[in-house]
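Participant: There's a structure below that I have some questions on.
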Amino acid sequence: MRAVVVRRFGGPEVMEYAEVPVPVPGPGQVRIRVAAAAVNPVDLATRAGVLTGAGVIPPREVLGLGWDVAGEIDDAGDTGFRVGDAVLGLRDRIALPLGAYADYVVLDASAVAPAPDSLSPVEAATLPLNALTAAQALDLVETVGSVLVTGAAGAVGGYAVALAHARGLHVVAVAGEADEALVREFGADAFVPRGPALADRVRALVPGGVDA
């Protein structure tokens with residue numbers, strides 16, 4: 001199968017196709033036929049060698065890229081999934097030699113979930129890392145009544161706004177002026193443009209400030 005790998009660190013020019021064996025799932029794992037894979041900052045950091053330099057990813061001659069994936073189950077193994085199921089998943093084990101930028105990827109079944117019927121594979125592939133990061137952050141402040149989301153038009157921030165709104169929180173969003181309509185569509189109750197004196201402008205909208 002084809003996989004996108006790097007043999008040296010740098011910009012996009014270091015990425016190349018490689019022919020590698022189709023991975024075989026082990027106990028508790030599934031193999032996904034990849035339909036779409038997202039590009040996240042962690043992918044750029046991996047390609048640039050930042051994570052290897054920090055000791056997060058062990059040095060190796062060939063390094064696969066890609067964390068988020070959407071596709072369909074090709075081999076369900078001993079899991080509860082079925083061949084043909086539309087799924088999304090997260091390559092949550094950093095030490096794996098290959099990533100989601102490949103024809104097939106093997107993941108632990110615990111890192112895979114059914115894909116929403118309303119989303120295309122391209123849309124579904126943006127969910128795992130970004131939406132999970134936003135959800136886990138909100139879990140830390142789940143008892144509050146209001147939240148301030150900076151970078152509200154970004155990949156993680158946009159999901160944070162939408163998920164906070166869905167949880168019934170009062171959401172104050174911070175982003176560029178041109179993104180106000182977008183973040184309000186995500187579910188923001190109030191909008192504050194990026195810029196100086198941010199805290200004062202937030203308190204002008206929410207007397208006493210936000211809870212988190």
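Participant: Give me the one-decimal nm value for the distance between modelled label points at ALA204 and ILE94, 7 Å along each residue's Cα-to-Cβ direction.
Facilitator: Between ALA204 and ILE94, the simple spin-label model gives 4.3 nm.
Participant: For the chain, which longest stretch is free of loop sites, where a loop site is one of the GluC sites (Glu not before Pro) that DSSP puts outside H, G, I, E and B and that has at most 14 other Cβ atoms within 10 Å?
Facilitator: 62-141
Participant: Among PRO128, PRO114, PRO196, which one shows the biggest mean-square fluctuation in a GNM of the chain, springs joining Cα atoms closer than 10 Å?
Facilitator: Highest fluctuation of the listed residues: PRO196.
Participant: Between GLN136 and ARG167, 0.36 nm times their residue separation minus their Cα-Cα distance comes to what?
Facilitator: Details: separation 31, 0.36 × 31 = 11.16 nm, distance 1.30 nm.
That works out to 9.9 nm of additional length.
Participant: Most mobile of ALA190, ALA18, ALA54 per a Gaussian network model of the chain (Cα springs, under 10 Å)?
Facilitator: Highest fluctuation among the options: ALA54.
Participant: Sticking with this structure for a sec: For region 24-74, state which trypsin sites (Lys or Arg not before Pro) are in a DSSP loop and have at most 16 other beta carbons lying within 10 Å of their beta carbon.
Facilitator: Values: sites: ARG31, ARG33, ARG47, ARG60; in loops: ARG60.
Sparse-neighbourhood loop trypsin sites (Lys or Arg not before Pro): ARG60.
Participant: If Lys and Arg each add +1 and Asp and Glu each add -1, what is the summed charge of the other residues whose beta carbon sits under 11 Å from the beta carbon of ALA153? Write out the running numbers ahead of the final one.
Facilitator: Working: positive: ARG184, ARG194; negative: GLU177, ASP179, GLU180, GLU185.
The answer is -2.
Participant: Just need the relative contact order of region 77-212 here, percent rounded to a whole number, with Cα pairs under 8 Å and 6+ apart. Write out the running numbers ahead of the final one.
Facilitator: Working: 168 pairs, mean separation 23.7, N = 136.
In percent, rounded to a whole number, it is 17.
Participant: So which trypsin sites (Lys or Arg not before Pro) in region 73-139 pass both tests, a DSSP loop state and at most 13 other Cβ atoms within 10 Å of the Cβ?
Facilitator: ARG82, ARG93
Participant: A further question on this structure: Just from its helices, what would the mean residue ellipticity at 222 nm be for the chain, if runs of 4 or more DSSP H residues each count -39500 (n - 2.57) and the sum is divided by every residue, rounded to the nearest 500 deg cm²/dmol?
Facilitator: Details: 7 runs with 56 residues, N = 212.
Calculated mean residue ellipticity at 222 nm is -7000 deg cm²/dmol.
Participant: I've got another one for you. Among LEU90, LEU182, LEU127, determine the one that fluctuates most according to a GNM of the chain built with springs between C-alpha atoms less than 10 Å apart.
Facilitator: Result: LEU182 has the largest fluctuation of those listed.
Participant: Can you tally the net charge around ALA115? Count Lys and Arg as +1, Asp and Glu as -1, for every other residue whose Cβ sits under 15 Å from the Cβ of ALA115. Write out the running numbers ahead of the final one.
Facilitator: On the way: positive: ARG33, ARG82; negative: ASP68, GLU72, ASP74, ASP85, ASP117, GLU123.
In short, -4.
Participant: If you wrap a convex hull around the Cα atoms of region 2-125, how much volume per residue is inside, in Å³?
Facilitator: On the way: hull volume 12.0 nm³, N = 124.
That works out to 97 Å³ per residue.
Participant: Just subtract the alpha-carbon distance of VAL56 and VAL22 from 0.36 nm times their residue separation and send over the number in nm, one decimal. Provide the component values of the computation, followed by the final result.
Facilitator: Numbers: separation 34, 0.36 × 34 = 12.24 nm, distance 2.55 nm.
Length gained, VAL56 through VAL22: 9.7 nm.
Participant: Tally Lys/Arg at +1 and Asp/Glu at -1 over every other residue whose Cβ is under 10 Å from the Cβ of ALA173; what's the total? Write out the running numbers ahead of the final one.
Facilitator: Details: positive: ARG184; negative: ASP179, GLU180, ASP189.
Residues near ALA173 contribute -2 overall.
Participant: Starting from a Cα-only point model with no solvent, please compute log10 I(q)/I(0) by Debye for the chain at q = 0.11, 0.16, 0.17 1/Å.
Facilitator: After summing over all Cα pairs, the log10 values are -0.63, -1.05, -1.11.
Every read-out reported here was derived from the displayed coordinates using simple, explicitly stated rules and does not represent laboratory data. Since the structure is predicted, the reported quantities are computational estimates derived from the model, not experimental observations. Cβ: placed from backbone, ideal geometry, glycine included. Neighbour counts: every protein chain shown.
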